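Down below is the structure, laid out as structure tokens.
Bear in mind that the values in this text are calculations on the coordinates, not laboratory data. Being a predicted model, the structure only gives us computed values, none of them experimental. All Cβ positions, glycine included, derive from the backbone under ideal geometry; neighbour counts span all protein chains shown.
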Amino acid sequence: MSIGNSPEDDRPSIGRALQQARIAAGLTVEEVSSSTRVRIPIVHAIEEDDFSRCGGDVYARGHIRNIARAVGIDPEPLVERYDGDHGGRPAPTPAAPLFEAERIRSEPRRPNWTAAMVAAIVAVVGFVGFTLFNGGDDKPSNTAQVAEGSTPDKTAAKPTTKSADPKPVPSESAIAAAPRDKVTVKLGASQGKSWISVKDHNGRLLFDGLLLEGESKTFQDKERIDLVLGNAGAIELFVNGKKLQDRFEPGQVERLTYTKGDPEAG
């Protein structure tokens, strides 16, 4: 809605008053827009008494105040004229009456028997599962981890219904074909069971578990094999195609390292 001069009021309109004050102050529309952050098209529209681009009465009042201050005139008479021409300032909305929310008394906490029973059942099931999973100290550990690089031998004991003849331990000529660009370690439990741990040159675990009597395992790595033998006296070692003649005592724990070439204990 445009505001123009009426016979009863010779005062300039809001937009005309702002424009005259801007010109008198020697300011351009661009300078007023930069100082008030009101976009240039909106400043032009307000100076032409077109407030439709302001986005509502609240924004229009704010723009009038900011532009009036920028050009050096009192904004309040202009805002009052805007309110009078646009139905007046809306009455403030009364605040809703406050009330105190009813306090809820907390009931005494009771024991959560359901949660306790569930926890007990889970504990029992976990204990039974752990016992069955491990299968006792005399059985091979099912949790032994074999990573890439380990090659379990076909001579490992497997459950079968047929009686199989025990396979002889490979001779030196049988494993002499081990690649020379890698380190090859074969462990055979010939004198009883032994716990063994095998790692490659990066420290990655290749095997960690129990090697039963009659079982054997072969491991390869491009640089180094680290061993820990829990019962070294029960183990026969074949390293890079050669059988080591060193005999360890039963129950003796040995930490060994082998590289490519002739086998040497670390």
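Here is the size of the range 210-261 from its Cα atoms: Rg then Dmax, 11.2, 31 Å. For the pair V118 and V253, label points projected 7 Å from Cα toward Cβ lie 4.2 nm apart.
Once backbone amide H atoms are built at 1.01 Å from N, H201 has E223, R224 as its partners under 5 Å, excluding neighbours fewer than 5 places away on the same chain.
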